[in-house]
Amino acid sequence: MMHPDLFTSLTIGGIHLRNRLLRSATHESMAEESGAPSSAHEKLYTALAKGGAGAIITGYAGVQQDGRSSLPGMLMMHDDSLVPAYRRLTDPVHSHGCPIILQLAHCGRQTRSAVTGMKTVAPSALRDRIFNEEIPRELDEEGIRAIIASFAAAAGRAARAGFDGVQLHLAHGYLLAQFLSGYTNRRRDRWGGPLENRFRIVSEILLRIRRELGDYPVLAKISAYDRRPGGMRIDEAVGIARLLEASGCSAIEVSSGTVEEGLSIMRGPELPIEPLLACNFRFAAMPMPLRKFMTPLLRLGMRLPEPVTNYNVEAARAIRRAVSIPVIVVGGIHVQEDIAAAFGSGAIDCVSMSRPFIIEPDIVRKLQDGRRTASRCIRCNYCAIMIEHGPLRCWYGKLPKM
Ligand SMILES: Cc1cc2nc3c(=O)[nH]c(=O)nc-3n(C[C@H](O)[C@H](O)[C@H](O)COP(=O)(O)O)c2cc1C
């Protein structure tokens with residue numbers, strides 16, 4: 001049974017949610033070259049809004065060109081000229097009674113200069129195991145100031161484009177997560193060291209948005225833990241949540257992991273070896289016999305993160321106990337009992353999902369009226385690999401032949 005309160009409304013930071021089951025940010029590889037949303041976006045977002053999502057959080061939108069994703073078709077919000085184009089998302093979504101929140105991100109070292117045309121940047125000059133072609137440049141004071149200004153300017157554009165709020169992407173090893181985690185932030189100045197210093201860039205962004213946009217809703221998505229040496233732990237994430245609340249954040253979505261850890265952010269029962277070898281930028285350039293030879297090696301070498309479901313619920317509960325702002329939990333919560341258990345814990349305010357919406361944009365409506373008790377998604381993660389190749393869709397059983 002679904003928890004009865006799941007389908008009641010809730011206001012978070014001034015955003016009126018029609019229910020507590022949200023679409024978590026999902027990169028769609030659908031944007032125009034300029035970073036503007038496309039007609040494919042418009043179609044997808046309309047379907048999500050019609051399909052009953054409590055709110056939609058967009059795929060990550062870049063705040064600066066050097067922080068653009070290495071994946072194709074990233075939304076961008078780095079320039080005033082993009083503002084009018086976003087009305088093609090906000091207007092139809094609102095006409096179906098659904099709020100829409102723009103996720104803002106800078107990829108930091110988790111991108112490639114071959115794609116951005118610019119040197120990658122990070123809090124510290126440390127090579128990333130996945131994006132390891134180059135060592136990123138350590139940001140100086142001026143670079144950090146520019147990034148703070150870019151996040152605030154992008155939030156202003158989001159407000160003008162009709163978004164109900166923005167979500168700062170502090171999760172998954174992107175730039176702001178790189179500042180928060182001791183694994184990637186080795187600085188000894190006021191932007192590194194103790195947690196308050198590592199959090200400074202986020203507090204300055206929030207402060208500036210508050211100064212410029214008053215009480216415009218600003219959510220945050222955090223990785224409550226990663227499995228990197230010296231990296232994020234739940235107790236530190238609780239500290240970050242307290243700092244977020246004190247800095248005026250409207251709500252916190254709790255995720256975990258970094259891209260460098262492999263598929264720990266979006267877990268599944270098996271490794272997506274076939275699409276990795278067919279399309280991932282590291283393997284696609286290799287001759288076919290070598291790629292085939294790699295299959296068993298990959299199976300041996302890549303450890304599957306566990307547990308596969310409900311992996312952020314415990315962290316979200318710990319965070320919810322420490323703050324009074326709403327907490328959203330995401331991560332392998334795809335079946336009725338799990339959604340009800342996460343939500344019904346009496347603490348967590350909302351549950352969000354990503355992959356279930358890819359295969360069924362109307363999954364919330366179906367859960368609500370009893371047509372489904374679980375998502376049809378089998379968490380093969382082909383979608384997550386194949387967005388390197390083209391627009392987001394469910395690829396299970398539909399991969400191109402190697
Ligand atoms: C194809 C794909 C793209 C994603 N893009 C984003 C993104 O842009 N921003 C983000 O915060 N998380 C992103 N995620 C992670 C999801 O929001 C979510 O945290 C993760 O998939 C676990 O939730 P799930 O089990 O409901 O899929 C993405 C996940 C997938 C599968």
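A few remarks follow.
- Tensor-based shape of the stretch 166-224 (alpha-carbon gyration tensor, a/c under 1.5 rounded, otherwise prolate or oblate): oblate
- Calculated [θ] (222 nm, deg cm²/dmol) that DSSP helices of n ≥ 4 give over the chain, each run adding -39,500 (n - 2.57): -10000 deg cm²/dmol
- Using a Gaussian network model of the chain in which every pair of alpha carbons under 10 angstrom is joined by a spring, one finds that among 106, 27, 94 the greatest mean-square fluctuation is at 94.
- Cα gyration tensor shape for the chain, rounded if a/c is under 1.5, else prolate or oblate: rounded
- Spacing of the modelled spin labels on residue 294 and residue 359, each 7 Å from Cα toward Cβ, amounts to 2.7 nm.
- Relative contact order [Cα under 8 Å, 6+ residues apart], the chain, whole percent: 17
- Measuring between their Cα centroids, the stretch 325-402 and the stretch 95-133 lie 23 Å from each other.
- Sorted peptide list for 162-170, 142-150, 292-300, criterion being average Cβ within 10 angstrom, highest first: 162-170, 142-150, 292-300
- Listed residues 268, 52, 67, most fluctuating in the chain (Gaussian network, C-alpha, under 10 Å): 268
- Amide H contacts under 5 Å for residue 330: 254, 352, restricted to partners 5 or more places along the chain or on a different chain, H placed in the peptide plane at 1.01 Å from N.
- Cross-link reach list, lysines versus residue 43, counting only Cα pairs under 21 Å and skipping chain neighbours closer than eight places: 366
- Taking 9, 24 and counting other C-beta atoms within 10 Å, the order from fewest to most: 9, 24
- Amide H partners (placed H, <5 Å) of residue 17, local residues excluded: 10, 11, 12
- Top of 386, 77, 286 by mean-square fluctuation, Gaussian network on the chain, Cα under 10 Å: 286
- Taking the Cα centre of the chain as reference, the dipole from Cβ charges on Lys and Arg (+1) and Asp and Glu (-1) amounts to some 660 debye.
Since every read-out is calculated from the coordinates, none of them should be taken as a lab result. Not measured: the values here are computed from a predicted model. Every residue, glycine among them, receives a Cβ derived from its backbone with ideal geometry; neighbour counts consider all protein chains shown.
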